[in-house]
Amino acid sequence: MTCPRDRLLPSEDLGASWRAVRPRPPGIHLDSAASSRQSHRALEAAAHHARHESELGGYVAEATADDLLQQGRSVLGGLVGMAAADVAFVESAQAALVALLSGWRLPAGSRVACLPGEYAPNVAQLRAAGLRPEPLPVDDLGRADVDAVARLLADAPPRFVHLTHIGSHRGLLQPARETAALCREAGVPLVLDAAQSLGHVDVDLGADVVYGTSRKWLAGPRGVGILFARPAIAAQLVPVLPEPEGVPPLRAFESGEAHVAGRIGLVVAVGEHLAAGPDQVRERLAALGRATRELLDGVAGWQVVEPVEEPTATTTLRAPDGVDVLETRTRLLTEHGIVLSAIGPERAPGEMTSPVLRVSPHLDATIEDLEALAAAL
């Protein structure tokens with residue numbers, strides 16, 4: 001196996017420029033699957049709007065930003081193959097799922113197919129809406145088995161398929177494009193949880209509904225989420241109060257009491273993502289994930305969960321016997337300044353049996369950062 005030290009990461013200039021436009025961290029940040037570091041421009045744009053709210057009043061300031069927000073809806077929609085009218089700003093990925101389910105008002109007991117390793121809060125929201133989650137067929141890794149999914153859709157189609165593109169508990173990429181094609185052929189809507197994939201991998205895959213968040217791979221502010229729904233689905237959603245005639249129906253699901261400054265920070269962050277070149281971003285992130293797995297697998301008994309060549313930047317590590325994952329995460333932070341996440345099995349109880357340490361570098365990470373983590377472990 002090629003040592004990461006012997007292989008340069010692609011787009012080093014991209015990594016350097018991404019690093020240069022952000023505040024300098026006091027240590028090593030390898031936790032973008034939790035929350036990425038914002039740029040100076042995104043921070044300043046949000047602060048500038050907050051200042052306008054103080055000067056002009058919140059609603060007047062929001063009106064002055066309407067063109068920028070609409071441009072942001074258009075750009076965000078483009079990331080998933082939809083239009084500005086198909087986009088609603090919400091407060092988080094979970095808020096987006098709640099808005100979708102509360103508006104869809106599906107009959108109680110409707111079957112919804114989702115991964116056995118589904119994110120536990122997603123399952124809880126499906127059940128709270130009166131729906132019945134049932135497992136999608138998967139392979140030994142937990143990746144959706146496309147052939148078996150095709151048979152499920154033909155023999156016992158659910159009301160919709162909910163697919164988490166990349167889980168928060170492991171960096172496994174699900175076959176969303178293939179699943180979307182199968183769902184379209186079967187006339188079954190596909191709802192894609194893209195919280196861990198927007199800004200990370202390609203999300204323009206043909207899903208009927210996509211939802212995600214600002215704070216992870218897009219490197220926008222916390223407190224902002226996005227719901228995308230194609231017109232055929234949006235037409236089925238019933239808001240508490242519909243929007244006036246001429247306003248896109250999905251806009252009714254945007255909160256009027258909103259963190260508008262955060263939305264503006266997200267719009268700026270998405271502009272920076274596009275300027276960096278999404279293809280180059282994805283290539284470098286995948287290379288960082290590969291290098292992470294090559295460097296860390298087996299170090300001090302820690303074992304990498306994902307295949308080495310998985311095209312994501314997220315790596316999870318199983319602890320050796322007798323080693324506490326949470327204590328390790330705390331030690332790495334306090335003694336070495338390395339920021340990671342400890343993920344407990346309650347995150348995905350249908351798949352996890354023990355906690356893992358999650359490593360999720362963004363574009364500015366270097367081989368030296370990963371080597372420092374290996375040495376600290």
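The values are calculated or read from the model by the stated rules, or taken from the named source; none is laboratory data. Keep in mind it's a predicted model, so treat the numbers as computed, not measured. Glycine also receives a Cβ, built like all others from the backbone with ideal geometry; neighbour counts cover every protein chain displayed. Keep in mind that these areas ignore ligands, DNA and RNA; they rest on the heavy atoms of the full protein, side chains included. Shrake-Rupley method; radii C 1.70, N 1.55, O 1.52, S 1.80 Å.
Phi-derived couplings, Karplus 6.51 cos²θ - 1.76 cosθ + 1.60 at θ = phi - 60°, listed residue by residue for segment 88-100: 10, 7, 10, 9, 5, 5, 5, 4, 5, 5, 4, 4, 4 Hz, with x used for Gly and Pro. Of the peptides 20-28, 238-246, 212-220, the order by per-residue mean of other Cβ atoms within 10 Å, starting with the highest, comes out as 212-220, 20-28, 238-246.
Count charges around Leu152 for me, please; just the other residues with Cβ under 11 Å from its Cβ, Lys/Arg as +1, Asp/Glu as -1.
On the way: positive: Arg111, Arg151; negative: Glu134, Asp145, Asp147, Asp155.
Net charge around Leu152: -2.
Near Val112: Cβ cut-off under 11 Å, other residues only, Lys/Arg at +1 and Asp/Glu at -1. The net charge is +2. The Kirkwood radius of the chain, taken over pairs of alpha-carbon atoms, gives through the Stokes-Einstein law at 20 °C and 1.002 mPa s a diffusion coefficient of 100 µm² s⁻¹. Accessible area per residue for the chain is 42 Å², calculated with a 1.4 Å probe on protein heavy atoms, without ligands, DNA or RNA.
Round to a whole number: what % of the accessible area of segment 133-270 belongs to carbon and sulfur, probe 1.4 Å? Each step should come with its number before you reach the end.
On the way: 2660 of 5070 Å².
Accessible surface attributable to carbon and sulfur in segment 133-270 totals 53 percent.
Peptides 332-339, 110-117, ordered by how many other C-beta atoms sit within 10 Å of their residues on average, highest first, read 110-117, 332-339. Considering only Ala291, Ser168, Pro349, the residue lying farthest towards the positive end of the dipole of the chain is Pro349, judged by Cα position with unit charges set on Cβ.
With the Cα gyration tensor of segment 30-80 giving a ≥ b ≥ c as the square roots of its eigenvalues, does the rule (a/c under 1.5 for rounded; else a/b larger than b/c for prolate; else oblate) give rounded, prolate or oblate?
Numbers: a/c = 3.07, a/b = 1.37, b/c = 2.24.
In terms of gyration-tensor shape, oblate.
Using a 1.4 Å probe on the protein chains only, how many percent of the accessible area of segment 288-362 belongs to carbon and sulfur? Mind showing how you got there, number by number?
Details: 1480 of 3040 Å².
After summing per-atom areas, the C and S share lands at 49 percent.
Quantify, in whole percent, the carbon and sulfur part of the accessible surface of segment 56-105 (1.4 Å probe; protein heavy atoms only). C and S fraction of accessible area: 59 percent.
Under a Cβ-Cβ cut-off of 11 Å, what is the net charge of the residues other than Met82 that fall near it, where Lys and Arg count +1 and Asp and Glu count -1? The partial results should precede the final answer.
Working: positive: Arg73, Arg230; negative: Asp86, Asp204, Asp208.
With Lys, Arg at +1 and Asp, Glu at -1, the neighbours total -1.
Over all distinct Cα-Cα pairs of segment 97-138, the Kirkwood formula returns a hydrodynamic radius of 10.4 Å.
Taking only DSSP H segments of four or more residues, each worth -39500 (n - 2.57), what value at 222 nm results for the chain once the sum is divided by all its residues, to the nearest 500 deg cm²/dmol? Please list the in-between numbers first.
Values: 13 runs with 151 residues, N = 377.
-12500 deg cm²/dmol, from helical runs alone.
Taking Cα centre as origin and charging only the Cβ of basic (Lys, Arg, +1) and acidic (Asp, Glu, -1) residues, the dipole magnitude of segment 36-155 rounds to 220 debye. Spatial offset of segment 61-110 relative to segment 115-139 amounts to 22 Å, using the alpha carbon center of each.
Debye calculation, C-alpha points only, no solvent: report log10 I(q)/I(0) for segment 196-304 at q = 0.11, 0.19 Å⁻¹, in the same order as the q values. Here the Debye-derived log intensity ratios amount to -0.51, -1.08. Sorted on the mean count of surrounding Cβ atoms within 10 Å across their residues, most packed first, peptides 352-362, 178-188 read 352-362, 178-188.
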